[in-house]
Amino acid sequence: MSVRYRPVQWNRSKVVYDTCLGVGVALYLLIYLRWAPGLVEPPLIGGAELRMRAFGTCAFWMLTLILCIGPLARLDRRFLPVLYNRRHFGVLTFFVAVAHLYTVLGWYTAFSPIDPWVALLGSNTDLSFLGFPFEWLGIAALTVLFAMAATSHDFWLAFLTPPVWKRLHMLVYAAYGLVVMHVTLGVLQAEASLAYGAMIGISLAVVAGLHVVAGRVEARRDTAPVSDADGWVQVARIDELEDGVGRTVTLPGGERAAVFRHGDKISALSNACAHQNGPLGEGRILDGCVTCPWHGFQYDPETGRAPAPFTEKVATYRLRRDGDRLLIDPRALPPGTRTEPVRLAEAVS
Amino acid sequence: MTRQGRAPFYVGYLKTPRALLAFLAIVVGGVLGVSAVLAVTLVVAQDDWGDAGFQWGDGYQTRTGILKVEPYPVLFLPPDAAYPQGRAIPLSGEGKRGVRDKAADLDGKPVDIGGFLLRAGDRDMLQVGGEVDLRPARDRSALAGFSGPSSEAVGKRTLRGEIVDSKCYLGAMRPGEGKTHKLCANLCLIGGIPPMFVVYRADGPPEVLLLADLQGGPVTDALLDDTARYVELSGTVERRADLLVFRVDPATLKHL
């Protein structure tokens, strides 16, 4: 959270995260370019071609990992620290992909009187499926990655609004699809080795499999709302609410609310964090504030407002008790609206 | 009832709970380990694209022979003990450029040529440049009256293979063939590098033929869409010294 924009709001977690990213990329490239070629004598392909493949496969591997982080964090919250700085992971992936493009421009389109970009986009005119200019697919994927990297900062999140920003960044799946086709209609058409085909197949299976499993688990968590005659929805029995821990409630229409017991009071607000739609209901109460599990954005549970001087706010919901049952009004109040909490002392009395 | 409150809760700007550190260390170590295995696998398991390459170790080379410009510039050396039919060395310029312009006035004449050799198998190519470059021969005595090869008809043929640019295939790049190289192959061919037809054989090294149109002239423009594909072409084959020339009708081309 910040009241003013900085290039990067460094903290210890981000430094460690980025160090791990840097070490990982450096390790992969060093092994690919320096160590592994020595295992086969003589080297099987040329040096420039090896660099193209090193950067290209590294970017693909990074993109695969990025797409696995989301569902893994849904399945096991211990992966949330990996999600925390995922944007830096994405930006670094973009730069590795740019290095791949740079090596292509510096070799395949170099030493020619034709402009490298004209050559890259215009040299292959075979539009049949197997002959399709796979370079176009790579450029399209890189364009998406560029749009995501360029708008990764919180300034753009606020400027574009979270829903638009989120939609833009969901294009990562389109980029992944384009990269899969780029590899399939590119190097897989040239290499008889099974290694590259296996890489694509395993990546697709893992990414798709994790998303399907996470989706099923998520769907199972979404219990059908039970409404009273007046339309209020049952949340839980009062004694089921754990102090300081959120509970997610699915409302008619599919919206979700996050209900928190904080001390002897119970409040409800929107489940979607104003920052990146993180699941507030999976958060905790820290320092008296509902704290998002994704990036630690905080809100007063009774008003849905971030503590001053921060300005984020989310919708709130009215609660009432019915015996030992807690009920929620499914009609969201405008973001930042103060609501009267249900008092635990009254509820259990 | 599960007690979520007891599970460690991570907030990026706060100290990471000790209980999570071991898990995260395992995750990071696992990803780094898989990355290392992946990098080694992808390097070791890729195809072997042979030992074609520039012969930089041989240093700057000069040759004296008869230059023929059609269909593409080739230097022909007189027969000797090692090459009783004579020797053909296709020529390229530096980068993705041919030498047709500088060779045009010397067609059929004795020339000195200097440059660096490329070699794939027993097929050489010379990248022309440097001090000698391409010039009229200063000492014709080495030719011993050799005036160029005669063309010997081999016959009509329908062959299956790949259209490549000769410079990359003969060693400027590895791989200098296949889909990933198509962009470069087309740039080379547009620049004037001679196109060749590579017929892959299960029982030995590929057969490499210089491509020409039916009249024996250049055929590049008609083939650009079909480089780097496995195709079938029909035409007539003739032998010039140790070089096979495949005169093709582009209309017979079929994708396989």
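Bear in mind that the values in this text are calculations on the coordinates, not laboratory data. As the structure is a computational prediction, the values presented were derived from the model and not from experiment. Reconstructed Cβ throughout: ideal geometry from the backbone, glycine too, with neighbour counts over all protein chains shown.
Here are the numbers:
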item: Amide H contacts under 5 Å for residue B:214, placed H, 5+ residues apart; result: B:248
item: Excluding exposed DSSP-loop GluC sites (Glu not before Pro) (at most 16 other C-beta within 10 Å), longest clean stretch of chain B; result: B:132-256
item: Karplus 3J(HN,Hα) series, Hz, for the range A:143-151 with 6.51 cos²θ - 1.76 cosθ + 1.60 (x for Gly, Pro); result: 4, 5, 4, 5, 4, 5, 5, 5, 9
item: Relative contact order, percent, chain B [alpha-carbon distance under 8 Å, six or more residues apart]; result: 18 percent
item: Computed lengthening from residue A:160 to residue A:338, 0.36 nm per intervening residue step minus Cα-Cα distance; result: 61.4 nm
item: Exercise: per-residue mean of other protein chain Cβ atoms within 10 Å, B:30-40; result: 6
item: Spatial separation of Cα centroids for the range A:35-103 and the range B:148-194, in angstrom; result: 34 Å
item: Computed label-point distance, nm, for sites residue A:150 and residue B:81 using a 7 Å Cα→Cβ extension; result: 6.8 nm
item: Interchain or long-range residues, amide H under 5 Å from residue B:242's placed H; result: B:87, B:88
item: FRET E, pair residue A:239, residue A:217, Förster distance 22 Å, beta-carbon r, rounded to 0.05; result: 0.25
item: Sites residue B:254 and residue A:12, calculated FRET efficiency, Cβ-Cβ separation with R0 60 Å, nearest 0.05; result: 0.40
item: Cα→Cβ-extended label distance, 7 Å offset, between residue A:102 and residue A:308, nm; result: 4.8 nm
item: Shielding by partners, peptide B:51-57 (average Cβ within 10 angstrom, other chains); result: 1
item: Proxy reagent accessibility, fewest Cβ within 10 Å first, across A:102, A:196; result: A:102, A:196
item: Mean Cα-pair separation over length for the range A:276-349, i.e. relative contact order, pairs under 8 Å, 6 or more apart, %; result: 21 percent
item: C-alpha center-to-center spacing [the range A:303-349, the range A:143-219] in angstrom; result: 38 Å
item: All lysines inside 16 Å of residue B:68 as judged from Cα atoms, apart from same-chain residues fewer than 8 positions distant; result: B:102, B:109
item: Relative contact order computed over chain A (Cα-Cα under 8 Å; 6+ residues apart), in percent; result: 12 percent
item: Sequence of B:26, B:66, B:113, A:200 once ranked by neighbouring C-beta atoms within 10 Å, starting from the fewest; result: B:26, A:200, B:66, B:113
item: Helix-only mean residue ellipticity at 222 nm for the protein assembly as shown, each DSSP H run of n ≥ 4 adding -39500 (n - 2.57), per residue, nearest 500; result: -11000 deg cm²/dmol
item: Residue order, fewest to most beta carbons within 10 Å, for A:100, A:211; result: A:211, A:100
item: Packing-based ranking, highest mean first, of B:198-204, A:276-282 given that Cβ atoms within 10 Å are counted; result: A:276-282, B:198-204
item: From phi via Karplus (6.51, -1.76, 1.60), per-residue ³J(HN,Hα) for the range B:17-30 in Hz, x at Gly/Pro; result: x, 4, 4, 8, 4, 5, 4, 5, 4, 5, 4, 5, x, x
item: Residues listed by number, the range B:203-228, amide nitrogen under 11 Å from residue A:125 label point at 7 Å toward C-beta; result: B:221-226
item: Anchor residue A:166: lysines whose Cα lies under 20 Å away (excluding residues fewer than 8 positions away in-chain); result: A:313
item: In order through the range A:242-259: 3J(HN,Hα) via Karplus (6.51 cos²θ - 1.76 cosθ + 1.60), integer Hz, x for Gly, Pro; result: 8, 5, x, 10, x, 9, 9, 10, 8, 9, x, x, x, 5, 10, 10, 10, 10
item: Cα-based reach from residue B:254 at 21 Å (exclusive), listing lysines while leaving out same-chain residues under 8 positions away; result: B:156, B:179, B:182
item: Efficiency of FRET from Cβ geometry, residue A:30 and residue B:154, R₀ 51 Å, rounded to 0.05; result: 0.50
item: Partnerless Cys - chain A, beta-carbon criterion under 4.7 Å; result: A:20, A:58, A:68, A:289
item: The range A:120-136 versus the range B:71-136: alpha-carbon centroid distance in Å; result: 32 Å
item: Amide H partners (placed H, <5 Å) of residue A:283, local residues excluded; result: A:246
item: Cα→Cβ-extended label distance, 7 Å offset, between residue A:228 and residue B:94, nm; result: 8.8 nm
